[in-house]
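*Asks:* Attaching a single structure in structure tokens format; questions to follow.
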Amino acid sequence: MSGRIGLIAVWLAMSVGLAACNGDNSGVSASPVANTASSNSSSASSASNANASAENNAADKNTAALPCDAAATANTPCSAAHSVTRLLTKHYSGPLFQIQRKSDQKTLDVYPYTNSTLKGGNRSLVGSTNVDSMNAFCNNTTCSVTYIYDQIDLVAPLKGGAFGNVAATLTLNADGSESLTVPNGSSGSSKTTTVPVLNGFATITLPGTSGTLTVQLLQPPTALTAQAPTQQLTIGNDLPAVGSTAAQLSYVTTNGVQIPALGTLAGQAYRKRFGTVNQSIGDTEIAAYMVAGAHYSQSSTCCGTYGNMESSADPGTYAHGEVEGEMFGLAFSNGNAAVFGYCDGNSSQNPKVKDPICAASDTNWPGVDAEAGVYLYGPQQPAKEKFVTVLSKYSPVGQENIFVVKGGSASQGVLTSLYNQAPPEALNFFNDAGHAFNGQWQGGLSLGEGGDASAAPIQFFEGAIVTKATSDTTDNAIQASIASFYGPPANEAASACYANNLIDSPLSLSSPDAWLQSNGGTAVTATDISGVEHGAATVTSTNGSAVSNIHEVIRVQGGQSYTFTDYVLATTNATVFPGGSIQTDDPSNTEFGWVLNTNTGAVVRGTWGNGQATSVSAVKSGNWWKVTMTLTAPAGSNNAQVFIDPPTSSSAGVRAQQAAYLSATHYCPSLAILTAAKL
């Protein structure tokens, strides 16, 4: 059995004592509500799973923390967390989600494996979804996912140990004010607490603690009137399926292990827009991550989303219409509606309009859907990887004033920083909003739909939302946990090359579709640094031209600093040397060139470029030289051409006409954002 799930067992430190009430329902499925009696025959199984979690107290301090534990340690705790694959925090002991079988409409709360419920003695699966219970329950029929529990469960003190969102009553009082009535927290007690609702929010002091909950009540689904002054609702951050059509349960096999997958279709979504608690509101800090399917065929032409949404799914109720910044939904799609895009870049394309060639491709990109503006970046992931991580964070003016988007294969240890600057210019459906992007978060939550309830199908595995901007250290810790579960990579060498690399096709140098061959430059595959794989390419000048090359165009941001690297095979007696350059599309078409003496490793700036790299160096790695160049993209840059040259230059960095068919072998060119960490 693979070790990809093995670390979970030692992460668990579960609390003892869980309520017998577990949210199961018989008959037609309804959203689980805490303190509701259960009569389903599967309740005993669920309760057994829950109570057995007390056995899992063997936490190993030397292992990576679960995502929300890593965030909490850094004082940026998750405010909501949802998963169909595993625990995201060791402090949660409830069910992960609920399924309903088609044959008799009965439901089952699905818990993670515990030492008691795991059969066969494989401790590596402890903490991951109990697939055995699902298979037994869904035998000879199909099952759908009707409800996803929030593992942070901020409303737990109101429920006396039960699981599910909490039943509450919103009341329009005789004097025109509103109030919210909730349970007082004692299991089985009929006592309640009533608090005022002010400007669409209610503040509840949690019983037995010094903590408080801020309940978002901005837009009641039905307006309160003197004739109908009360409305029943639930408060909490669990995600029930919208309507009667829930997404069918499916599985993905990775490393010989089956894990659940939640693949929504158009019209299927999970939503809690009204009654959420402790979410980012207005122009405040926010962060979120999710793990999605890297090659899901149902991905929307706009964006498969998860995150902080409008407080209503009905755009007819929006006070200002659909405007940018009303939602912070992580997106993973081909981005036909993106106002910013990546694809392979296009130096002649308006940077605020998606390249039509890219729009027709099936490449999916990580990004953020902010309602009227979709901010999608790239690049695509290795072809054989099944899972992708999307992570983003925002901090407004007056704090860090930064917008960050990261993405990458969920199996790799480091994400690619795709955008890391002050927030970009805001757009409303491709029209300039006249100001920088800023938050107008409303605190609703949903998965698999746009803020206006438009279709946004996605294959979802896990995700979490934070009300502060996380640090890069925390981001790395979250991704380390993700990689330990969804990894190892299908190809270790490919994963290492793609990690933190903005270049879209770093292992396809010999493909003319990925790298244009110009001025006599050609490329053929070659054995790479692993000595086994063929991700390298021998680049040759067929005519000896001083400007022979292969090149690719990618997106960059003016004012951003970058690190470029390239591996070049060492030689012993060469007299003409290879190099390359990065040329941006700023008004001066600034070019940053380099040339490597493949005999000695001496590297110099290319004399043909008008850009001045901050630094350039080379170190030996086996039989290869690793060249590193740092540079800052000039103001006005939106794209950059990455040139890889055959031997065309002297050791002094001067290019000239050479004999035909000189060649050099290059591997894994990379461009990465160089950040002076603000967070």
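The values are calculated or read from the model by the stated rules, or taken from the named source; none is laboratory data. Computed from a predicted model, the values in this text were never measured in an experiment. All Cβ positions, even for glycine, are placed from backbone atoms using ideal geometry, and neighbour counts span all protein chains on display.
*Asks:* Looking at the range 155-177, can you tell me whether even one residue there is free of Cβ contacts under 8 Å to residues at least 40 places away in the same chain, in contact with a Ser or Thr (Cβ under 7 Å, 6 or more places away or on another chain) and either part of a strand (DSSP E or B) or small (Gly, Ala, Ser) (or both)?
*Replies:* First, pick out the residues of the range 155-177 that are free of Cβ contacts under 8 Å to residues at least 40 places away in the same chain: 156, 174-177.
With the extra rule that they be in contact with a Ser or Thr (Cβ under 7 Å, 6 or more places away or on another chain), the set shrinks to none.
No, the range 155-177 contains no residue that is free of Cβ contacts under 8 Å to residues at least 40 places away in the same chain, in contact with a Ser or Thr (Cβ under 7 Å, 6 or more places away or on another chain) and either part of a strand (DSSP E or B) or small (Gly, Ala, Ser) (or both).
*Asks:* Residue by residue through the range 195-229, note down the ones that are outside any loop (DSSP other than H, G, I, E, B) and either surrounded by fewer than 15 Cβ atoms within 10 Å (Cβ to Cβ) or under 32 Å from the mean Cα position of the chain (by Cα) (or both).
*Replies:* We begin by selecting, within the range 195-229, every residue outside any loop (DSSP other than H, G, I, E, B); these are 195-198, 201-205, 212-216.
Those that are outside any loop (DSSP other than H, G, I, E, B) and either surrounded by fewer than 15 Cβ atoms within 10 Å (Cβ to Cβ) or under 32 Å from the mean Cα position of the chain (by Cα) (or both): 196, 198, 201, 202, 203, 204, 205, 212, 213, 214, 215, 216.
*Asks:* Can you find a residue in the range 245-262 that is touching a residue at least 60 places away in the same chain (Cβ under 8 Å) and touching an Asp or Glu at 6+ places or on another chain (Cβ under 9 Å)?
*Replies:* no
*Asks:* I'd like to check which strands (runs of 3 or more DSSP E) are fully inside the range 248-314 and have at least 3 residues that are buried (at least 21 other Cβ atoms within 10 Å of the Cβ) and under 20 Å from the mean Cα position of the chain (by Cα).
*Replies:* By residue number, 257-263, 286-293, 304-309.
*Asks:* Which of (1) β-branched (Val, Ile, Thr); (2) surrounded by fewer than 18 Cβ atoms within 10 Å (Cβ to Cβ); (3) in contact (Cβ under 8 Å) with a residue 60 or more places away in the chain; (4) outside any strand (DSSP E or B) does residue 529 not meet, given it meets every other one?
*Replies:* The failed condition is (2).
*Asks:* So, one more: Filter the range 478-502 for residues that are within 13 Å of residue 389 (Cα to Cα), buried (at least 21 other Cβ atoms within 10 Å of the Cβ) and of a type in the set (A, V, I, L, M) and give the result.
*Replies:* Correct list: 478, 482, 483.
*Asks:* Where in the range 367-460 are there strands (runs of 3 or more DSSP E), lying fully within it, with 1 or more residues that are assigned by TED's automatic domain parsing to the domain that holds residue 327, farther than 26 Å from residue 235 by Cα and free of Cβ contacts under 8 Å to residues at least 24 places away in the same chain? Full working, then the answer.
*Replies:* Numbers: elements: 374-376, 387-395, 402-409, 416-421, 425-428, 431-436, 444-447.
The qualifying strands (runs of 3 or more DSSP E) are 431-436.
*Asks:* I need a count of the residues in the range 241-289 that are touching a strand residue (DSSP E or B) at 6+ places or on another chain (Cβ under 9 Å) and within 23 Å of residue 102 (Cα to Cα). Can you show your working first?
*Replies:* In the first step, residues of the range 241-289 are kept if they are touching a strand residue (DSSP E or B) at 6+ places or on another chain (Cβ under 9 Å); the result is 241-242, 245-254, 257-289.
Applying the additional criterion that residues be within 23 Å of residue 102 (Cα to Cα) yields 241-242, 245-252, 258-271.
Residues in the range 241-289 being touching a strand residue (DSSP E or B) at 6+ places or on another chain (Cβ under 9 Å) and within 23 Å of residue 102 (Cα to Cα): 24 in total.
*Asks:* Out of the range 139-151, which residues are in contact with a strand residue (DSSP E or B) (Cβ under 8 Å, 6 or more places away or on another chain) and farther than 15 Å from residue 111 by Cα? Step through it out loud before you land on a result.
*Replies:* Going through the range 139-151, the residues in contact with a strand residue (DSSP E or B) (Cβ under 8 Å, 6 or more places away or on another chain) turn out to be 141-151.
Result: 141, 142, 143, 144.
*Asks:* Given the conditions (1) among the hydroxyl-bearing types (Ser, Thr, Tyr); (2) closer than 19 Å to residue 81 by Cβ; (3) in a loop (DSSP other than H, G, I, E, B), which single one is not true for residue 147?
*Replies:* (3)
*Asks:* Something else about it: With the condition being surrounded by fewer than 21 Cβ atoms within 10 Å (Cβ to Cβ), in contact (Cβ under 8 Å) with a residue 24 or more places away in the chain and of a type in the set (S, T, N, Q), I'd like the strands (runs of 3 or more DSSP E) fully within the range 61-138 carrying at least 1 qualifying residues. Steps first, answer last, please.
*Replies:* On the way: elements: 78-83, 97-101, 107-110.
Of the strands (runs of 3 or more DSSP E) lying wholly inside the range 61-138, none has at least 1 residues that are surrounded by fewer than 21 Cβ atoms within 10 Å (Cβ to Cβ), in contact (Cβ under 8 Å) with a residue 24 or more places away in the chain and of a type in the set (S, T, N, Q).
*Asks:* Out of all the residues in the range 71-115, which are farther than 19 Å from residue 483 by Cβ and of a type in the set (A, V, I, L, M)?
*Replies:* 72, 80, 96, 99, 108, 110
*Asks:* Oh, and also: What single numbered condition from (1) under 28 Å from residue 440 (Cα atoms); (2) among the small types (Gly, Ala, Ser); (3) at pLDDT 95 or above fails to hold for residue 299?
*Replies:* The single condition residue 299 does not satisfy is (3).
*Asks:* Here is a further query. Would you mind telling me which numbered condition in (1) touching a Ser or Thr at 6+ places or on another chain (Cβ under 7 Å); (2) surrounded by fewer than 24 Cβ atoms within 10 Å (Cβ to Cβ); (3) modelled with pLDDT of 75 or more residue 407 fails?
*Replies:* Residue 407 satisfies all of (1) touching a Ser or Thr at 6+ places or on another chain (Cβ under 7 Å); (2) surrounded by fewer than 24 Cβ atoms within 10 Å (Cβ to Cβ); (3) modelled with pLDDT of 75 or more except (2).
*Asks:* Now for a separate question. Which residues, counting only those in the range 506-526, are modelled with pLDDT under 95 and assigned to a strand (DSSP E or B)?
*Replies:* 516
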